[in-house]
């Protein structure tokens, strides 16, 4: 699984379970907070840059 913004993308996790991947994407689209996503979908590798993007401050972690 990867996330992309214009001119930049990065991997945030992987799983062999397609159903789990679909659940993670659906939960994210429904607005589940990153902390809850981390707990529920352990395959996700959400780092401090993901947190900064979520807060709308991506340059704070660069």
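If the condition is being touching a residue at least 12 places away in the same chain (Cβ under 8 Å) and either surrounded by 11 or more Cβ atoms within 10 Å (Cβ to Cβ) or over 18 Å from residue 55 (Cα atoms) (or both), then the range 1-16 contributes 1, 3, 10, 11, 12, 13, 14, 15. When the residues of the range 17-40 are filtered to those that are farther than 18 Å from residue 56 by Cβ and within 10 Å of the chain's Cα centre (by Cα), the one that is surrounded by the most Cβ atoms within 10 Å (Cβ to Cβ) is 24.
Yes/no per residue for (1) at pLDDT below 90; (2) not in a helix (DSSP H, G or I):
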| residue | (1), (2) |
| --- | --- |
| 15 | no, yes |
| 23 | no, no |
| 32 | no, yes |
| 35 | yes, no |
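Within the range 41-51, the presence of at least one residue that is in a strand (DSSP E or B) and surrounded by 13 or more Cβ atoms within 10 Å (Cβ to Cβ) is confirmed.
Of all residue pairs spaced 6 or more apart or on separate chains, those with beta-carbon atoms under 7 Å, a first member in the range 23-36 that is closer than 17 Å to residue 49 by Cα and a second member that is surrounded by 15 or more Cβ atoms within 10 Å (Cβ to Cβ) are 28/37; 34/46; 34/50; 34/51.
The values are calculated or read from the model by the stated rules, or taken from the named source; none is laboratory data. From a predicted model like this one, the values you see are computed outputs, not experimental measurements. All Cβ positions, glycine included, derive from the backbone under ideal geometry; neighbour counts span all protein chains shown.
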